[in-house]
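Trainee: I am attaching a structure below and will ask some questions about it afterwards.
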Amino acid sequence: MKSFNCFLFDCDGVLLDSNGMKNNAFAYALRDFPMENVQPFLTFQKSNFGLSRFKAFDIFFKEFMGVKVDDNIFEKVLLDFSSYCSLNYSSQDITQGCIDLLKLLNKLNISCYVVSGSEQTELQKVLKENGLSQYFKGVYGSPLSKIELILNILEIEKQNISNFIFIGDAKADYISAKFHEIKFIYLSQYSADKVYMNKLCELENIESISNLSELKDVFLNEI
């Protein structure tokens, strides 16, 4: 663990216990559409958590509704999703061990970034409100993809990729880390799709932890 000096964190399910809230936000935003289309999408979304809302809703209309959606309808869905998050995001619990780990990493002058599928302005506001933003060198979200966000961070840090580690809870996190050949650790306690992720970890030999307290303990034992 000593070799890592730049930590990347997903937000939902890693820093905040907010995956359930995000699932409810999708259901709320699509409440006026046929349930026979919405329910399969919600199942898909749980198994593909980490996609930005922009990408997820695009998939809903193209693949689950089979239509080219009007821009006004698409904007309304995005607005309803954002409104739901605005009302509920700041009340989501900070995950176990999160603050202690971030304090330790900051004390050791290790760079920390948030790489999330959440809309960036909304994400920055929430993390500022709950006091977490102070621990991060940068808080980044959609509409850029996680692959693009990590590329930007690599350009900022100008370090060897072996120095980076990404802690996430979903397939999109793993895919983004793998694309850049960055070490990935799966955090399981708050994951939206534990069954799929457990199978993926077994198949790909991915290291996993239950919560951030475990990562802090491992880190302390090796410094």
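A short reminder: the numbers here are calculations on the coordinates, not readings from a lab. Here the structure is a predicted model, which means the values were calculated and not measured. Note: ideal-geometry Cβ built from the backbone for every residue, glycine included; neighbour counts use all protein chains shown.
Trainee: Between beta-carbons, use under 11 Å as the cut-off and find the net charge around ARG53, counting Lys and Arg +1, Asp and Glu -1.
Mentor: Every neighbour counted, the sum reads -2.
Trainee: While we're looking at this one, here's another question. Return the percentage of antiparallel bridges among DSSP beta bridges fully within the chain, rounded to the nearest 5 %.
Mentor: Roughly 5 percent of the beta bridges in the chain run antiparallel, per DSSP.
Trainee: Given 20 °C and 1.002 mPa s, how large is the Stokes-Einstein diffusion coefficient of the chain in µm²/s, with Rh as the Kirkwood radius over Cα pairs?
Mentor: 120 µm²/s
Trainee: Considering just Cα atoms, how many Å³ per residue does the convex hull of segment 96-223 enclose? Working shown, then result.
Mentor: Numbers: hull volume 14.4 nm³, N = 128.
Convex hull of Cα atoms, per residue: 113 Å³.
Trainee: Next question, about the same structure. Checking the a/c ratio against 1.5 first, then a/b against b/c, what shape does the Cα gyration tensor give for segment 19-90?
Mentor: oblate
Trainee: So, in Å, what gap is there between the alpha-carbon centers of segment 179-203 and segment 109-139?
Mentor: So the separation of the two Cα centres works out to 22 Å.
Trainee: Which semi-axes, in whole Å and largest first, does the equivalent ellipsoid of segment 47-164 have when worked out from the alpha carbon gyration tensor as the square roots of 5 times its eigenvalues?
Mentor: 30, 19, 11
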